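To start, the structure itself, in structure tokens.
The values are calculated or read from the model by the stated rules, or taken from the named source; none is laboratory data. From a predicted model like this one, the values you see are computed outputs, not experimental measurements. Quick reminder, even Gly has a Cβ in these numbers, built from the backbone with ideal geometry, and neighbours come from all protein chains shown.
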Amino acid sequence: MTGARLLAVFAHPDDETYRAGGTLALLARRGVQVWVLCATRGEKGVPGLALERARRVRQAELECACRALGVEPPRFLDYRDGALHRVDDDEAIERVVRAVRKLRPQVMLTWPPDGLSGHPDHITVSRWTGEAFRRAADPAAYPQHGDEGLSPHAVAGLYHIVLPRGLAEVLGMAHLHTVPDEAVTVVVDVSAVWEAKMAAIRCHRTQMDGSPVLQAPPEKRRLFLSREYFQRAAARPDLLSGPPGNFFERLCEE
């Protein structure tokens with residue numbers, strides 16, 4: 001998969017690991033260059049810790065997780081945790097577009113429009129990423145990027161992390177938003193990188209206490225974590241149909 005690149009855009013440290021970490025690790029092992037762009041440093045996720053200290057701790061946890069998964073060091077937009085809905089959309093989208101034009105991925109990955117859990121930050125990041133997918137290819141969008149040596153870039157495909165309804169029912173996860181099983185585009189068996197995924201989860205030490213996934217019986221935990229599910233949200237068929245644009249959907253065939 002020489003030349004294949006993926007950019008995953010999330011709201012918080014640990015978003016990358018539970019529902020997509022195995023896929024990111026598997027792709028990295030197959031030679032795909034993988035980046036994680038995180039909108040915040042997750043400082044609201046450590047109650048009782050001063051915000052600046054929490055930022056440093058959670059940044060270190062995400063850096064640890066990226067190393068465990070074998071992907072590139074994380075990049076941050078440095079917005080306030082829990083307040084993404086207050087950020088000017090155009091400003092944030094411009095920054096995501098800049099990352100796309102700099103890194104030039106064939107595939108982008110993010111939360112679905114409902115955020116999967118309904119978290120407002122997830123919903124906002126999904127909106128930014130969808131717009132960035134569209135605008136990054138438009139020469140009329142943010143022409144000032146040319147002053148930085150950046151040119152428009154068409155991403156082949158945008159995929160959302162989803163949870164099939166059948167699996168959610170088996171696991172008793174009614175609190176999460178789901179999609180019909182037949183709406184899933186790509187199913188990735190991540191058993192081959194199970195240890196890397198679990199190591200990445202352990203990196204997020206501040207988030208482990210009370211985690212319903214980690215407290216579940218081993219068989220349910222394995223069922224939830226050993227496969228990852230994605231839905232194609234947008235695509236440019238002419239780019240997605242051939243290598244390296246089709247590397248993501250080929251995962252379900254290998």
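General remarks:
- Residue list for segment 58-117, restricted to those being aromatic (Phe, Trp, Tyr) and either under 22 Å from Gln231 (Cβ atoms) or surrounded by fewer than 21 Cβ atoms within 10 Å (Cβ to Cβ) (or both): Phe76, Trp111
- Those residues of segment 143-163 which are farther than 23 Å from Ser126 by Cα and in contact with a helix residue (DSSP H, G or I) (Cβ under 6 Å, 6 or more places away or on another chain), in sequence order: Leu150
- Qualifying residue in segment 49-57 (condition: of a type outside the set (D, E, K, R), buried (at least 18 other Cβ atoms within 10 Å of the Cβ) and in contact with an Asp or Glu (Cβ under 7 Å, 6 or more places away or on another chain)): yes
- Pair list, Cβ < 8 Å and 6+ apart or interchain, from segment 226-243 residues that are in contact (Cβ under 8 Å) with a residue 12 or more places away in the chain to residues that are surrounded by fewer than 16 Cβ atoms within 10 Å (Cβ to Cβ) and of a type in the set (S, T, N, Q): Ser226/Ser191
- Counted residues, segment 203-221 - those being surrounded by 15 or more Cβ atoms within 10 Å (Cβ to Cβ), out of contact with any Leu (no Cβ under 9 Å at 6 or more places or on another chain) and in a loop (DSSP other than H, G, I, E, B): 0
- Asp181 being free of Cβ contacts under 8 Å to residues at least 24 places away in the same chain and among the acidic types (Asp, Glu): yes
- Residues that are crowded, with 17+ Cβ neighbours inside 10 Å and out of contact with any strand residue (DSSP E or B) (no Cβ under 8 Å at 6 or more places or on another chain) do occur in segment 160-168, at least one of them.
- Segment 15-29, subset surrounded by fewer than 24 Cβ atoms within 10 Å (Cβ to Cβ) and modelled with pLDDT of 95 or more, residue nearest to the chain's Cα centre (by Cα): Ala28
- Residue check for Arg134: among the charged types (D, E, K, R), at pLDDT 95 or above, surrounded by fewer than 21 Cβ atoms within 10 Å (Cβ to Cβ) and closer than 13 Å to Val9 by Cα: no
- Of all the listed residues (Ala234, Ala192, Ala174, Ala200), the sole one being surrounded by fewer than 19 Cβ atoms within 10 Å (Cβ to Cβ), assigned to a helix (DSSP H, G or I) and small (Gly, Ala, Ser) is Ala192.
- For segment 38-47, the criterion of being over 14 Å from the mean Cα position of the chain (by Cα), of a type in the set (Asp, Glu) and outside any helix (DSSP H, G or I) is satisfied by no residue at all.
- Any hit, segment 142-150, residues being buried (at least 19 other Cβ atoms within 10 Å of the Cβ), touching a Lys or Arg at 6+ places or on another chain (Cβ under 9 Å) and among the acidic types (Asp, Glu): no
- Filtered residue count, segment 152-182, keeping only those that are under 30 Å from Ala140 (Cα atoms) and not aromatic (Phe, Trp, Tyr): 9
- Between Phe76, Phe10, the distinction of being more than 24 Å from Pro139 (Cβ to Cβ), under 12 Å from the mean Cα position of the chain (by Cα) and aromatic (Phe, Trp, Tyr) belongs to Phe10 only.
- Residue among Arg236, Arg227, Arg250, Arg222 that alone is basic (Lys, Arg) and farther than 23 Å from His160 by Cβ: Arg222
- Positions within segment 106-121 being farther than 16 Å from Cys38 by Cα, assigned to a loop (DSSP other than H, G, I, E, B) and not polar (S, T, N, Q), in sequence order: Pro113, Asp114, Leu116, Gly118
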